[in-house]
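Chemist: Take a look at the following structure, please.
The values are calculated or read from the model by the stated rules, or taken from the named source; none is laboratory data. A quick note: this is a predicted structure, and the numbers were derived from the prediction, not measured. Backbone-built Cβ (ideal geometry, glycine too); neighbour counts: all protein chains shown. With ligands, DNA and RNA removed, areas are computed over all heavy atoms of the protein, side chains included. Shrake-Rupley method; radii C 1.70, N 1.55, O 1.52, S 1.80 Å.
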Amino acid sequence: MTWQPHGRCFDVPGDDLAARSMRAYGQSKRRAEELAAHCSQPVAVVRTALLFAARSAPTAPLHQFPHALFTAMLQARPGGLPVRPDHWTDILPMETLVDYVTALTETQIRGDATAPGLHWVTAGPARLTAADLERACTDFLQAAGRPAGGPLLADPATPHPRTRGMARVAQLGFLPPDHPDMPSDLSRLLPTQVTRTEVLEALHHNVRRCAPWAP
């Protein structure tokens, strides 16, 4: 998957169902932005990252990519997910998104001329690698008395990598290490940019919530 800096969606290679679905999702977002651009009212477009569940949420989301991924990794299936450890994804704590959208709404209500336009609400340089996710899951499994029997990640170049279901979605959901960070406008309306420490804390909290054996 590649992000086009001047485009409006991710360019996902492949003709399988997962790739086609992700392209359709990105195209729907692009179309919505095109329609908003022709609105007669001031419009602010928020492009957010993947999201961690809020710390106050009673349960983890069932169908969000990060949480489905954590659940799959905690099952510690043989072979691991075919993602290289240094590949990365952008996941933002829900609380940060709420704070930003609240500040943006207040700014628009005041009639601030700088409020309309494009807002990237992402972790940016605080992005997480697949190795970060693997470490959080293996640490939790060890603490829970269910140590993983092997690595949770696998080299995609292995002769028989897992390529279906979550394994395929995971392949599409991570970017190579030399790919630029996603843009982030958090400091535009918030006092500080989200830190890697805050993102890692949200990661560990969400992993605990995704244990498939939890009630």
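Chemist: Kindly provide the trypsin sites (Lys or Arg not before Pro) of region 104-158 that DSSP labels as loop, not H, G, I, E or B, and whose Cβ sees at most 13 other Cβ atoms within 10 Å.
Modeler: 110
Chemist: If you don't mind, another one. To the nearest 500 deg cm²/dmol, what mean residue ellipticity at 222 nm is calculated for the chain from DSSP H runs of n ≥ 4 alone, each contributing -39,500 (n - 2.57), summed and divided by the residues? Numbers along the way, then the final one.
Modeler: Numbers: 7 runs with 87 residues, N = 215.
That comes out to -12500 deg cm²/dmol.
Chemist: Hey, if we sort 91, 109 by accessible area with the 1.4 Å probe, largest down, what's the order? Before the final figure, lay out each step's value.
Modeler: Details: 91 5, 109 135 Å².
Descending accessible area places them as 109, 91.
Chemist: What nm value, rounded to one decimal, do you get for the distance between residue 24 and residue 190 when each label is placed 7 Å out toward the C-beta?
Modeler: It works out to 3.3 nm between the two label points.
Chemist: Taking the Cα centre as origin and putting +1 on Lys and Arg beta-carbons and -1 on Asp and Glu beta-carbons, what dipole magnitude results for the chain, to the nearest 20 debye?
Modeler: Numbers: 21 positive and 20 negative charges, 124 e Å.
For this selection, approximately 600 debye.
Chemist: Among DSSP bridges having both ends in the chain, what percentage is antiparallel? Round to the nearest 5.
Modeler: Details: 5 of 14 bridges.
If I count the DSSP bridges inside the chain, around 35 percent turn out antiparallel.
Chemist: Sort out for me the Cα centre separation of region 102-163 from region 179-215, rounded to whole Å.
Modeler: 6 Å
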